[in-house]
Ligand SMILES: C[S@@+](CC[C@H](N)C(=O)[O-])C[C@H]1O[C@@H](n2cnc3c(N)ncnc32)[C@H](O)[C@@H]1O
């Protein structure tokens, strides 16, 4: 069996264990629809999975973890909450929420990223419920409708071919009154900071990324997709158009990142 085959089998086994390790019921038979997966994005994350975490820390000077904590703060008290983290990658958001007492299922379509997430669970304190990591597509999350209190996505929705479809899917899995939270990069406003950041983002970051990851494409893909991303207010409008209520956003670190939130209509917050 090839190494990739082994990884895929492991990911399939992880999907099967979702019911056993969480209160959430996966849709039986809802295997990820391979046909919808943008193969290039997935193979790019497979190639950089091993350097993804250290490069995140290096290129953001450690601020990325502060942004994930801001995501947690916006979710409120998550003790006992059922959380789905879409595009979970190496599991950083899932671990932050698990430490705060949530029961988390992380979903990603790159088995190599999930393997790192799986390994990182050992860093959790004994009292924290270990997250379950499942192989799946953000456009077809392997959990039942309205089975979660919160659905998050951090730096992932930008990579999904149909971002509105991803928002609809996140809303589908959240119960009425529950929250949808999106953390994403933006381009900082203002001519000075904007120009400075653009230089860092388009020149320095791809260079360092290429050097460390030895992947020419991955770290130029990042600025390209961020620059093509809608403004915070335009993305908020998209969340509202997809039926989410009480939507808002907050710029983080002078607008390098943005935290978006919304609720599924009806029910208690
Ligand atoms: C930039 S990483 C973000 C990982 C993590 N959320 C974090 O905070 O570091 C983007 C992740 O999204 C995943 N991804 C992209 N498109 C996806 C899709 N349609 N379904 C599931 N995962 C997807 C990739 O495999 C990758 O692991």
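Within region 165-177, can you find the residues that are in contact with a strand residue (DSSP E or B) (Cβ under 6 Å, 6 or more places away or on another chain) and part of a strand (DSSP E or B)? Working first, answer last.
Pass one, region 165-177, residues in contact with a strand residue (DSSP E or B) (Cβ under 6 Å, 6 or more places away or on another chain): 170-171, 173-174, 176.
Selection gives 174, 176.
Looking only at residues of region 116-155 that are in a helix (DSSP H, G or I), surrounded by fewer than 21 Cβ atoms within 10 Å (Cβ to Cβ) and in contact (Cβ under 8 Å) with a residue 24 or more places away in the chain, we find that the one that is nearest to the ligand (Cβ to nearest atom) is 116. Would it be correct to say that residue 191 is over 26 Å from residue 47 (Cβ atoms), away from the ligand (no atom under 13 Å from the Cβ) and at pLDDT below 95? Yes. For region 55-78, the candidate set comprises residues that are at negative phi, more than 17 Å from the chain's Cα centre (by Cα) and away from the ligand (no atom under 12 Å from the Cβ); within that set, the residue that is surrounded by the most Cβ atoms within 10 Å (Cβ to Cβ) is 78. If you go through region 222-235 and keep only what is assigned to a helix (DSSP H, G or I), under 17 Å from the mean Cα position of the chain (by Cα) and more than 11 Å from residue 260 (Cα to Cα), you end up with 222, 225, 226.
Of the residues making up region 159-188, those that are under 18 Å from residue 225 (Cα atoms), more than 12 Å from the ligand (Cβ to nearest atom), under 18 Å from the mean Cα position of the chain (by Cα) and crowded, with 16+ Cβ neighbours inside 10 Å are 167, 186.
Among the residues of region 174-181, at least one is touching a helix residue (DSSP H, G or I) at 6+ places or on another chain (Cβ under 9 Å) and closer than 17 Å to residue 252 by Cβ.
Test residue 196 against the stated conditions and say whether it is part of a helix (DSSP H, G or I) and within 14 Å of the ligand (Cβ to nearest atom).
On the way: part of a helix (DSSP H, G or I): yes; within 14 Å of the ligand (Cβ to nearest atom): no.
In short, no.
Of all residues in region 79-97, those satisfying the criterion of being buried (at least 24 other Cβ atoms within 10 Å of the Cβ) and more than 11 Å from the ligand (Cβ to nearest atom) are 83, 84, 97.
I'd like to know if region 180-190 contains one or more residues that are in a helix (DSSP H, G or I) and under 26 Å from residue 95 (Cβ atoms). Scanning region 180-190, I find no residue that is in a helix (DSSP H, G or I) and under 26 Å from residue 95 (Cβ atoms), so the answer is no.
When you scan region 98-109, how many residues do you find that are assigned to a loop (DSSP other than H, G, I, E, B) and away from the ligand (no atom under 12 Å from the Cβ)? Before the answer, list the steps.
Kept after step one, since they are assigned to a loop (DSSP other than H, G, I, E, B), are these residues of region 98-109: 100-102, 109.
From the residues that got through so far, the ones that are away from the ligand (no atom under 12 Å from the Cβ) too are 100-102.
Residues that pass the stated criteria total 3.
The set of residues from region 236-254 being surrounded by fewer than 19 Cβ atoms within 10 Å (Cβ to Cβ) and part of a helix (DSSP H, G or I) comprises 237, 238, 240, 241, 253, 254. Considering 226, 180, the condition of being touching a strand residue (DSSP E or B) at 6+ places or on another chain (Cβ under 9 Å), at negative phi and modelled with pLDDT of 95 or more is satisfied by 180 alone.
The values are calculated or read from the model by the stated rules, or taken from the named source; none is laboratory data. Source: prediction; values computed, not measured. Don't worry about glycine lacking a Cβ; one is built from the backbone with ideal geometry, like all the others, and counts go over all protein chains shown.
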